[in-house]
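Chemist: Please find one structure pasted underneath; my questions will follow.
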Amino acid sequence: MQRNLLACFLLGFSTLTAFTQPITSQLETYELVTGKRTIIHRDTVRFEAPNWSRDGQFLIINEKGKLYRVTLKTGKKEVINTDFATACNNDHGLTPDGQTIIISHNDKRVGAGANSRVFTLPLAGGTPTLITEKAPSYWHGVSPDGKTLAYVGERAAADGIKDYDIYTMPITGGTTETRLTNAPGLDDGPDYSPDGKHIYFNSFRTGVMHIWRMNADGSQPTQLTNDRFSNWFPHPSPDGKQILFISYLEDQKATHPADKAVMLRLMDVRTGKIRELMRFRGGQGTQNVPNWSPDGKRFGFVSYP
């Protein structure tokens, strides 16, 4: 059980974890030019990980294993039909054309424990199609052409030691995955640059969680942050000029727990300069997956006041 809980903290299915304290979740948007925060939806239940629809009209969140669309103008929440996939974790998103939802579903058919696998389904809802045969697999990024998925998986090496690394797979699925990282320590949160040339991710390979970038084929990994914070989940803006990521104020080692003091920060890709946007209570569930608006003027996130 302890190992399963650790996997929850590391790779994002805390929605299925029991929290004893009262929970308030706020789905918010942040406007870059003005710094304005707007609460779109608020509830006394834990929900997580917003994705912005390609038409700009709604956000997708997960709550208690299901997915919901929340209309920006009204804050109305509606369930998305995911058929048998009712144990979805917070690693979900949309293809570049906005017509397909990518989900990570804790699939009991492959056994207990860390059993997440990646599926796709139509935006309107429907029966999911399996993409990754192996478990656990947690989706995080899709290439700009929509042909390749990047995800995190725990696999055993030749020496039998298991580790979480970054893999890719054609969106059509299959049994052969491509491994992009092999450094000791957790690699997580892969998200493609808009030009498809790079993948941003976070890694614990130095003993501190930092933001990294590598070529889309896994070559030339480069560390981008080097400070005292635990930095997670980099998401490039639609124009590729900025990277949004979350930072824990206190070192969390290789975990990203919920309900901690965090801040959201922006990095200028060209200069490497980092700008703090805001501090609040969050962490797990705040912005695990791509969350920019299509025009790049805003992004969505979840806070837990």
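Chemist: Under 6 Å by Cβ, and 6 or more places apart or on different chains, what pairs join a residue from the range 196-220 that is more than 15 Å from residue 142 (Cβ to Cβ) and modelled with pLDDT of 95 or more with one that is surrounded by 23 or more Cβ atoms within 10 Å (Cβ to Cβ) and charged (D, E, K, R)?
Modeler: Correct list of pairs: 202/188; 203/187.
Chemist: If I ask for residues that are at negative phi, surrounded by fewer than 21 Cβ atoms within 10 Å (Cβ to Cβ), free of Cβ contacts under 8 Å to residues at least 40 places away in the same chain and not aliphatic (A, V, I, L, M), which ones from the range 108-130 would you list?
Modeler: Result: 108, 109, 115, 122.
Chemist: While we're on this one: What's the total number of residues in the range 258-276 that are under 15 Å from residue 234 (Cβ atoms) and under 19 Å from the mean Cα position of the chain (by Cα)?
Modeler: Total satisfying the criteria: 6.
Chemist: Follow-up question, since we're still on this one. Mind checking which pairs have a first residue in the range 34-50 that is free of Cβ contacts under 8 Å to residues at least 12 places away in the same chain and a second that is of a type outside the set (Asp, Glu) and assigned to a strand (DSSP E or B), Cβ under 6 Å, 6 or more apart or different chains?
Modeler: 38/29
Chemist: Could you pull out the residue among 145, 165 that is within 23 Å of residue 197 (Cβ to Cβ), at pLDDT 95 or above, of a type in the set (D, E, K, R) and surrounded by fewer than 18 Cβ atoms within 10 Å (Cβ to Cβ)?
Modeler: On the way: 165 fails: surrounded by fewer than 18 Cβ atoms within 10 Å (Cβ to Cβ).
Of the residues listed, the single one that is within 23 Å of residue 197 (Cβ to Cβ), at pLDDT 95 or above, of a type in the set (D, E, K, R) and surrounded by fewer than 18 Cβ atoms within 10 Å (Cβ to Cβ) is 145.
Chemist: Would the range 53-65 turn up any residue that is under 19 Å from the mean Cα position of the chain (by Cα), more than 26 Å from residue 153 (Cβ to Cβ), crowded, with 23+ Cβ neighbours inside 10 Å and of a type in the set (A, V, I, L, M, F, W, C)?
Modeler: The answer is yes; a qualifying residue exists.
Here's the yes/no breakdown for (1) within 25 Å of residue 49 (Cα to Cα); (2) out of contact with any helix residue (DSSP H, G or I) (no Cβ under 6 Å at 6 or more places or on another chain); (3) aromatic (Phe, Trp, Tyr):
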| position | (1), (2), (3) |
| --- | --- |
| 161 | no, yes, no |
| 177 | no, yes, no |
| 189 | yes, yes, no |
| 192 | yes, yes, yes |
| 219 | no, yes, no |
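Chemist: Shifting gears a bit: Do you know which residues across the range 1-53 are assigned to a helix (DSSP H, G or I) and either under 24 Å from residue 236 (Cα atoms) or at pLDDT 95 or above (or both)? Talk me through it step by step, then tell me what you get.
Modeler: So in the range 1-53, the residues assigned to a helix (DSSP H, G or I) come out as 2-11, 14-16.
Within the range 1-53, 9, 10, 11 qualify.
The values are calculated or read from the model by the stated rules, or taken from the named source; none is laboratory data. Just so it is clear, the structure is predicted and the values come from calculations on it, not from any experiment. All Cβ positions, even for glycine, are placed from backbone atoms using ideal geometry, and neighbour counts span all protein chains on display.
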